[in-house]
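*Asks:* Questions regarding the structure given below will be posed in turn.
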Amino acid sequence: MKLTVNGVPRSFEAPPLKRLLDVLREDLGLTGTKEGCGEGECGACSVLIDGELVNSCLVAVCQADGCSVLTVEGVARNGDLAPVQKCFLDRGGAQCGICTPGMIVAAHRFLECGLPATNENVREAIAGNLCRCTGYAKIVEAIQLAAGQRS
Amino acid sequence: MIPVTSARSLSEAYAILHQRPRGLRVLAGGTDLMVAVNARAGLDRIGHVLDIWKVPELRGISGAGGSLRIGALTTYTELMRSREIATHLPALALVSREVGAWAIQNRGTIGGNVCNASPAGDTLPLLLAAEATFLLGGPRGERTVAAHEFFVGYRKTALGADELLLRVDIPLIEKSHLVYRKVGTRKAQSISRTIVAVRKLAPRDVRIAAGCVAPIPLRCRNAEKAVAAGGDVRAALEQDITPIDDVRATAVYRSRVTGNVLLRLLG
Amino acid sequence: MKHIELEQQGAVGRSPPRKDGADKVTGRARYLDDLNFPGQLWGRTVRSHVAHGRIREIVWDAAFDWTDVVRVTAADIPGENVVHLIEDDQPMLAADVVRHREEPIALLACADREKLEEALAHVRVEIEELEPVLDPLRSTVVFKSYRIEQAPQGLAQAFADARVIEGTYRVGHQEQMYIEPQAVAAIPREDGGITIYGSMQCPFYVHRALQRLLRLDDSQVAVIQVVTGGGFGGKEDYPSVISGHAALLARKARRPVKMIYKREEDVAATTKRHPAVMKYRTAVEADGTLVALEAEIVMDGGAYVTLSPVVASRGVLHAGGAYRWRHARIDCRVVQTHTPPNGAFRGFGVPQTMFAIESHMERVAVALGIDPLELRRKNALQIGDELPTGQKLTSSVSAREVLDVVAARSDYARKRKEYGRSVGEKRRGIGISLAFHGAGFTGTGEVKLKPRAGVELTDRGARVLSVSTDIGQGTITVFSQMAADALGLALDDVEVAENDTSKMPDSGPTVASRTTMVVGGTITRAAAAMARILQGYVAQVHDVPAAEVSCAGGIFSARGRALAPFAAIAKRYLQERGSLRIIENYRHPPEIRFDDATYRGDAYPCYGWAATAVEVEVDLDTYEISLLDVSTATDVGRAIHPVLAEGQVEGGTVQALGYALLEEHVWDQRGRLLNTRMQNYVIPTALDVPRMHTTLLENPYPSGPYGAKGLGELPMDGPAPAVVGAVLHATGKLIPEIPLSPDRVMRAVLS
Ligand SMILES: Cc1cc2nc3c(=O)[nH]c(=O)nc-3n(C[C@H](O)[C@H](O)[C@H](O)COP(=O)(O)OP(=O)(O)OC[C@H]3O[C@@H](n4cnc5c(N)ncnc54)[C@H](O)[C@@H]3O)c2cc1C
Ligand code: FES
Ligand code: FES
């Protein structure tokens, strides 16, 4: 099977129903993507497949064969934090951090899609990413800040 | 290890269906099926998986011939982005936006919602009220089943073991108006406590359907008749529905709120 | 934010990026599941399928191939079969009687996870079922009871003279629902000892529990906390259980064993917030003056004692709310039921009793026709007032101030008037609550514990030494800020040592809002002591008077003349003298005294204060409640790191709003939990909560480091009753039980 992960082509053997989440973590050594529920509820496992946000715990790897995948490890560019990551740092968007990789990927997707970063829009974009620590306030602020810097 | 066939065309899919492997399960977006697989629920009953995610014939929305034709693999995101849906059936785009959250909307399909046949499937009352028909197909040919005849029991459908749902067709009726209300457990990632849809053709000519109030998503014929006759709609609705208590709501709540919401939607 | 810029130069009071932040936003941070150990096996737990019963037999399917599966039962335990905590009544593995569903009975480990799952399906435990007790009001087994009295001889008269208002308030279980489930790895050692890596709050709890379980001496155990994906109390005592299990498997297998709970298992088996039934009876004068309080509180402890005595104690000590009472008698008992043991959860008994007293204040306001904000202002505690334990408040009291700030911020007066007139199917309302929360351990807790923490010199700065864990709240950053300022160092030159029980002083558990105030204070003193020693050293080296040497921004100077960079001095010191390590004991303010026997005295050295205003819209078609606006004002003494402090307030507030509106456990008649998934135990998403207005106030606690007092739990206490008040305002119905689910709202509205 083949995936392009964070821009790098990778090939590997795996049972076709193996979760993309497990392939990333176990076969490709990318442990940034987390598991919080294994049922699509928490979003800790969020990655992009061909640019669209998915829960990697619900994707059988055979369905991603040949696709390009972006994980949290691919959001930073050339070792520099992406602006959205810097904003999470400045605004306190990460506490325990277990939801953060998924949040960053969801935030990254939101920023790419070009919708205005209103409170409502940002909240809708991360509504599938549960955070039990922050109460979301600082995460929303961080994403809005990053959106402001882009425009 | 469960074998998987990832079909790249309808004929490849039909070839597998023709062989009728034991314990065959169809995999579309996986947002229902993978939850079960991960929880090992009924895993021993899955003998072979037919992955249809990349079957191009099952995608796409068109507004031809007086009806909206929605490919079974159409995702919620696609429904939300579609010009056809926005023009002809905006309620379907709105309900899609209330399904799960972005990641689920990107993978979950209308066909999966229909074939999963949960009484809480959010598009199903809309499809029932809109008098949708389902185009089923397999190696033995194609057939059309009306939505209200498709759901035959708790998570049981009229789909044959060697059939796929190919398409959902919704008749476009001039000046008709589809409205609905989902009452969920929270504002996203939410399963419905009750959901009601009404298609208004004329002030007294309506189609009513509801979810989470019976073992199947339900057309509410008694309530429709009561509207037509100017009778007691709430009492008639009680004749249609058989809600139960579960972890999300009590039967008493479901029946009261389904009635309230229906009356509000009727205006 | 009202913010006092005292030390412009220093790190304290500013909000630098958290030290562990870059790793967290890039996915580099390693949680337990991200670590692998050579030769590791995976562990699983065989659990009870009944709530109460007698174990007859563990049946291992003879047809199954067990060769590569390690099996452990109670018979394999080398030491005592207990989860050591307060009473030691909970077995590590049930051997004869099971007292709750999902109680651990046996353990399995295997290298192949698929096979492990299959193995689990081939073990059966035969249990003779006994009748479970599920209703705490019917339970006859009392784990612990308390009574607090203030001028009780006048109670009867007070109730005879004034208006009597009564109410009963109920709260159910609440799930911590940290996003990272319980996770540990146990590595057996050559010396027969064990090393644990795990997601946890209190490494020394685990350390001591393992000593008892495995009969090991202190040096044979090392417990290392790894990056922890949330705790909220749920990783206070439970990690002792799962670590014990992993250790038993690892010892038998002689290989590392990793145990990570599945979400459903975590929810079904681990601790939750204590449910409570709370009867309040108050005597109140017509002008709204509170006179006397009688309360009877029953908490459901679940199957074993675990932390129940301390949870109940804290609950009862806050049961009178942030108000002045002339007379009080508060009784509380925590009892056994056949459900999983209830344990620590942010707030620790206070969210329960604060819900009761604050909802009761709403009832009083209605009965007397007084605005609930006015009623609260009138009776709010002030300096010089006494609590029901007789504790006289002498400093850092902000009850009125937080109320006033939040009232202004939320535009309370206008909305109170306007919303009162709303009609139609959507009704709006605004409610306010007042809460307080004692910081640090209750009573003599800190004195008995004798927490220790310190700093050591590194070749560029200092390293903080403690076992206080960063579970997201920012301990690493806050400790570094405190030490940096005490030493005159840049924040980057202070690091925090790995949290390892075999190397670090025992600074006590990370609970009770004690970390910043108690441990941070101790670290600050240790750092100050180190600063004095280094000043002396610099004085010697540069031949200047020690009293004139100071360090700022990492440069030692005297009389305005720069002498040497800190790093140079540190290197030289270390070369000459080897090391500099200073461990301090916590110093309890001597004037703070409490009598554990009579429950009289100063239960806590100081209190944090918070007010919450919540605006709701109630849909009378669906009985759903939407939050329109939430404002909080919180007195934290001193915000060492304002962004982290706000994060604590906002995060706690949203957990409390979940408690108020969404979160409810549903049990069947036989004690089985029916909603064990994230799908059916629902916590708030980003769309369920509105933008929040957070105000931090700084009313310093004189004995706290830089004036700081505890903060972590306070935000959990007030929001739920504020929602009750808002719904009362919107609908005219006081609903004395949370969550305010649509079902409950419907019943109230239709009644
Ligand atoms: C976190 C989360 C939130 C959710 N929220 C909602 C919600 O708000 N509302 C809601 O209604 N649902 C919700 N769901 C359920 C699910 O997303 C929907 O039912 C979705 O439409 C299923 O589509 P799918 O393509 O993912 O189905 P799959 O999981 O691929 O399949 C579902 C079932 O249908 C069968 N099937 C699928 N397509 C076909 C076909 N073309 N022909 C024959 N059989 C087929 C499969 O064999 C399987 O039995 C949620 C799920 C999750 C995990
Ligand atoms: S682990 Fe995939 S959504 Fe929770
Ligand atoms: S930061 Fe802990 S769950 Fe989000």
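*Asks:* Using a 1.4 angstrom probe, figure out how much accessible area the stretch A:1-138 has per residue, in square angstrom, rounded to the nearest whole. Show your work: numbers first, answer last.
*Replies:* Values: 4020 Å² over 138 residues.
In whole numbers, the stretch A:1-138 has 29 Å² accessible per residue.
*Asks:* Sticking with this one: Cα to Cα, under 22 Å, and not fewer than 8 places away if on the same chain: which lysines meet these conditions relative to residue C:252?
*Replies:* Here the lysines satisfying the reach criterion relative to residue C:252 are C:115.
*Asks:* Based solely on C-alpha atoms, express the radius of gyration and the Dmax of the stretch C:245-336 in angstrom.
*Replies:* 21.0, 72
*Asks:* Rounded to whole Å, give me the distance from the Cα center of the stretch A:27-58 to that of the stretch C:407-446.
*Replies:* When both Cα centres are located, 38 Å separates them.
*Asks:* Looking at this model, which pairs from B:182/C:426; C:24/C:571; C:272/C:733 are more than 23 angstrom apart at the alpha-carbon? Kindly include the intermediate steps, with their values, before the conclusion.
*Replies:* Numbers: B:182/C:426 16 Å; C:24/C:571 32 Å; C:272/C:733 29 Å.
From B:182/C:426; C:24/C:571; C:272/C:733, over 23 Å: C:24/C:571; C:272/C:733.
*Asks:* Report the number of Lys pairs in chain A whose alpha-carbons are under 24 Å apart, with separation of 8 or more residues or on distinct chains. Intermediate values should be presented prior to the final figure.
*Replies:* Values: A:2/A:18; A:2/A:34; A:18/A:34; A:34/A:86; A:34/A:138; A:86/A:138.
Within chain A, the lysine pair count is 6.
*Asks:* Non-local amide H neighbours of residue C:468 (under 5 Å, H modeled in plane, Pro and chain starts lacking H): which ones?
*Replies:* Amide H neighbours of residue C:468, under 5 Å, 5+ apart: C:507.
*Asks:* Please identify which residues in the stretch C:378-398 have an amide N closer than 18 Å to a label point set 7 Å out from the Cα of residue C:147, following the Cα→Cβ vector.
*Replies:* Inside the label zone: C:388-390.
*Asks:* Calculate one ³J(HN,Hα) per residue across the stretch C:650-666 by plugging θ = phi - 60° into the Karplus curve 6.51 cos²θ - 1.76 cosθ + 1.60, and present them in order as whole Hz with x for glycine and proline.
*Replies:* Working through the residues one at a time gives 5, x, x, 4, 6, 4, 6, 5, x, 4, 6, 10, 10, 8, 8, 9, 10 Hz.
*Asks:* Work out the mean other chain Cβ neighbour count within 10 Å for the residues of A:113-124 and drop it here as an integer.
*Replies:* Numbers: counts 1, 0, 0, 0, 0, 0, 3, 3, 0, 1, 9, 8.
Mean shielding by partner chains, rounded to a whole number: 2.
*Asks:* With Cβ to Cβ distances under 10 Å as the rule, what net charge do the other residues near residue B:239 carry (K, R +1; D, E -1)?
*Replies:* After counting each charged neighbour, the total is 0.
*Asks:* How large is the helix-only mean residue ellipticity at 222 nm for chain C, computed as the sum of -39500 (n - 2.57) over DSSP H runs with n ≥ 4, divided by its residue count, in deg cm²/dmol to the nearest 500?
*Replies:* Details: 18 runs with 208 residues, N = 751.
Computed mean residue ellipticity for chain C: -8500 deg cm²/dmol.
*Asks:* List the residues whose amide H sits under 5 Å from the amide H of residue A:43, counting only those 5 or more places along or on another chain, with H placed 1.01 Å from N in the peptide plane.
*Replies:* A:130
*Asks:* Stretch residue C:111-residue C:97 to full length: gain in nm at 0.36 nm per residue minus the Cα-Cα span?
*Replies:* Length gained between residue C:111 and residue C:97: 2.0 nm.
*Asks:* Once amide H atoms are built 1.01 Å from N in the peptide plane, which residues 5 or more positions from residue A:10, or in another chain, come under 5 Å H to H?
*Replies:* Under 5 Å from the amide H of residue A:10 lie the amide H atoms of A:3, A:4, A:5, each far enough along the sequence or on another chain.
*Asks:* Averaged across the residues of C:662-668, what count of C-beta atoms belonging to other chains lies within 10 Å of each residue's C-beta?
*Replies:* Values: counts 2, 0, 1, 1, 4, 0, 0.
That works out to 1 on average.
*Asks:* A further question follows. Which of the peptides C:302-308, B:170-176 is most tightly packed, and how do the rest follow, judged by the mean count of other Cβ atoms within 10 Å per residue? Spell out each step's value before the answer.
*Replies:* Details: C:302-308: 25.6, B:170-176: 14.0.
In descending order of packing, they fall as C:302-308, B:170-176.
*Asks:* With the dipole of the protein assembly as shown worked out from charges on the C-beta (+1 for Lys and Arg, -1 for Asp and Glu) around the Cα centre, which of C:290, C:275, B:39 lies farthest toward the positive end?
*Replies:* Highest projection toward the positive end goes to C:290.
*Asks:* Could you work out how far the C-alpha centroid of the stretch C:82-127 sits from that of the stretch C:686-733, in angstrom?
*Replies:* Centre-to-centre (Cα) distance: 40 Å.
*Asks:* Now a separate question. Any number yet on Rg/Rh for the stretch C:317-401, C-alpha, Kirkwood? The partial results should precede the final answer.
*Replies:* Details: Rg = 15.1 Å, Rh = 14.7 Å.
Rounded to two decimals, Rg/Rh equals 1.03.
*Asks:* Still on this structure, please answer the following. State, to one decimal in nm, how far the label point of residue B:43 lies from the label point of residue C:597, with both points 7 Å from Cα in the Cβ direction.
*Replies:* 5.9 nm
*Asks:* Further question: Nearest 20 debye, what's the magnitude of the dipole of the protein assembly as shown about its Cα centre given +1 on Lys and Arg Cβ and -1 on Asp and Glu Cβ? Don't skip to the end; give the middle numbers.
*Replies:* Values: 136 positive and 135 negative charges, 282 e Å.
Charge dipole of the protein assembly as shown: 1360 debye, to the nearest 20.
*Asks:* Using each residue's phi in the stretch A:129-146, evaluate 6.51 cos²θ - 1.76 cosθ + 1.60 at θ = phi - 60° and report the 3J(HN,Hα) Karplus result to the nearest Hz, with x for Gly and Pro.
*Replies:* 10, 7, 10, 9, 9, 8, x, 6, 4, 6, 5, 4, 4, 4, 5, 5, 4, 5
*Asks:* Excluding residue C:22 itself, calculate the net charge of residues whose Cβ lies under 10 Å from the Cβ of residue C:22, where each Lys or Arg counts +1 and each Asp or Glu counts -1. Present the calculation step by step, with values, prior to reporting the outcome.
*Replies:* Numbers: positive: A:86, C:18, C:19, C:24, C:28; negative: C:20, C:23.
Local net charge: +3.
*Asks:* At what distance in angstrom do the alpha carbon centres of the stretch C:209-230 and the stretch B:146-193 lie from each other?
*Replies:* Using only Cα atoms, the two centres lie 54 Å from each other.
*Asks:* Ok, one more. Rounded to the nearest 0.05, what FRET efficiency is calculated for residue B:232 and residue B:143 with R0 set to 30 Å and r the Cβ-Cβ distance? Don't skip to the answer; put the middle values down first.
*Replies:* Working: r = 39 Å, r/R0 = 1.29.
For R0 = 30 Å, the calculated efficiency reads 0.20.
*Asks:* Additional query: Per-residue HN-Hα couplings for the stretch B:185-192, Karplus 6.51 cos²θ - 1.76 cosθ + 1.60 at θ = phi - 60°, whole Hz, x for Gly and Pro?
*Replies:* 7, 7, 8, 7, 6, 10, 8, 5
*Asks:* Also, quick follow-up: Once R0 is set to 25 Å, what does the formula 1/(1 + (r/R0)^6) return for the Cβ-Cβ distance between residue C:562 and residue C:529, expressed as a FRET efficiency to the nearest 0.05?
*Replies:* Numbers: r = 24 Å, r/R0 = 0.95.
That gives a FRET efficiency of 0.60.
*Asks:* Right, next: Counting just the Cα atoms, what span does the stretch A:9-151 cover along each of its three principal axes? Round to the nearest Å and put the largest first.
*Replies:* 42, 30, 24
The values are calculated or read from the model by the stated rules, or taken from the named source; none is laboratory data. Being a predicted model, the structure only gives us computed values, none of them experimental. Cβ atoms come from the backbone with ideal geometry, glycine included; neighbour counts cover every protein chain shown. Note: areas computed on protein heavy atoms with side chains; ligands, DNA, RNA excluded. Shrake-Rupley method; radii C 1.70, N 1.55, O 1.52, S 1.80 Å.
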